[in-house]
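The values are calculated or read from the model by the stated rules, or taken from the named source; none is laboratory data. Because the structure is predicted, anything quoted here is derived from the model rather than measured. Neighbour counts run over all protein chains shown; Cβ positions are idealised from the backbone, glycine included.
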Amino acid sequence: MPVLIVLVLFLLTARVIHSVQDAPAPPGTIEVVAVGHQFWWEFRYPKLGVVTANELHVPVSDPAHPTPTFITLLSADTDHSFWVPRLAGKTDLIPNRVNRTWIDPREPGVYLGQCAQYCGTQHAKMLLRVYVDPQEKLAARSGGVLAFRWIMRWTQKMLFRLSSVSAEL
């Protein structure tokens, strides 16, 4: 009888773990890749083509229309730990291993975080800030970044054309 109880508990636990870890992302989800470096954070926004350092910018999530932020955690060098106490629990970043977490902030503001795993002599300086902004402000900010990148690419193309024309003269 004890073996049967343990088997039932094991199967129930495995089912819950599977449903939590393989839950599909709802529409409107923000995807971010966080990379821990000695001694700073890199945040990549693949859909926007934007990269930030030590600052994670995410939208406020409305309970009626949730927009959680799913974060893929990678380490570039040694063990790190992504920890923003007011938004989520601590999640480790281990070299050569992909880990994931998510946040669903309900109030705008700045949330402070820290690498909670000793990663070297400058570990105490490995702070991060999570800026939670209304959707409109975040869209304007990312739109401005994308416009800036387009202007920079256009300027580089024009300078290249000018340099090739002047080389022909």
Query - Single residue of Leu73, Leu11, Leu93 found to be loosely packed, with under 13 Cβ neighbours inside 10 Å and on the phi < 0 side of the Ramachandran plot - result: Leu11
Query raised in the report: Only one residue in Phe82, Phe70 is touching a Gly at 6+ places or on another chain (Cβ under 8 Å) and either more than 21 Å from Glu136 (Cα to Cα) or modelled with pLDDT of 90 or more (or both). Which one?
Result: Phe82
**Report entry** Residues (over 21 Å from Pro26 (Cα atoms) and at pLDDT below 90) located in the range 127-141
**Finding:** Lys137, Ala140, Arg141
Query raised in the report: Just wondering, is there one or more residues in the range 16-30 that are in a strand (DSSP E or B) and either within 10 Å of the chain's Cα centre (by Cα) or exposed (fewer than 10 other Cβ atoms within 10 Å of the Cβ) (or both)?
Result: yes
**Report entry** Hits in the range 31-51 - residues which are part of a loop (DSSP other than H, G, I, E, B) and without any contact (Cβ under 8 Å) to a residue 60 or more places away in the chain
**Finding:** Pro46, Lys47
Report task. Look at Asp62 and say whether it is loosely packed, with under 13 Cβ neighbours inside 10 Å and among the charged types (D, E, K, R). Result -> yes
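Can you find a residue that is within 14 Å of Val35 (Cβ to Cβ), part of a strand (DSSP E or B) and among the polar types (S, T, N, Q) anywhere in the range 52-65?
Pass one, the range 52-65, residues within 14 Å of Val35 (Cβ to Cβ): 52-56.
From what is left, the residues that are part of a strand (DSSP E or B) are 52-53, 55-56.
The next check asks that each one be among the polar types (S, T, N, Q); those that pass are 52.
Yes: one or more hits.
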Query - Pairs, first under 11 Å from Thr72 (Cβ atoms) in the range 85-106, second small (Gly, Ala, Ser) and in a loop (DSSP other than H, G, I, E, B), C-beta under 7 Å, six or more apart - result: Thr101/Ala88
